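Notes follow the structure.
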């Protein structure tokens, strides 16, 4: 008898919710396949999926009343990260299109970094050439 009470309470809550949705919109309630909320029976109650937002809620009976609690979801964190990255892209694009940023002269520090890199590269290249020259001289004896 208790199970019938639960089912009837849920049916009443669902019909009230559907009536509330129907009262807010002028369009008739669509057939089951296109309803906004989808329900899935689980052991302790129901999972409710909001087809418009993707939010999932856990619905169950507590003290004779049906309550739905939002299920923890990473969706909000993912949307916040997407927004942060979109803002960063926009800032970088604005910086790239800024004429002062595009046509600026390098600082003394930047010039020193580049020159230090080239100096190191040339010393290393010179060492490679000297080693190859020594190897060549030991492999090929002087004719003379």
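So the values come out like this:
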| quantity | calculated |
| --- | --- |
| Within segment 56-81, tally of residues that are at pLDDT 85 or above and closer than 18 Å to residue 42 by Cα | 12 |
| Leading residue by the ranking (nearest to the chain's Cα centre (by Cα)) among those in segment 54-70 that are in a strand (DSSP E or B) and over 14 Å from residue 38 (Cα atoms) | 70 |
| Total residues in segment 13-54, condition at pLDDT 50 or above and farther than 25 Å from residue 71 by Cβ | 1 |
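The values are calculated or read from the model by the stated rules, or taken from the named source; none is laboratory data. Just so we're clear, the structure is a prediction, and the values are computed from it rather than from any experiment. Counting neighbours? That spans all protein chains shown, and the Cβs are built from the backbone with ideal geometry, glycine included.
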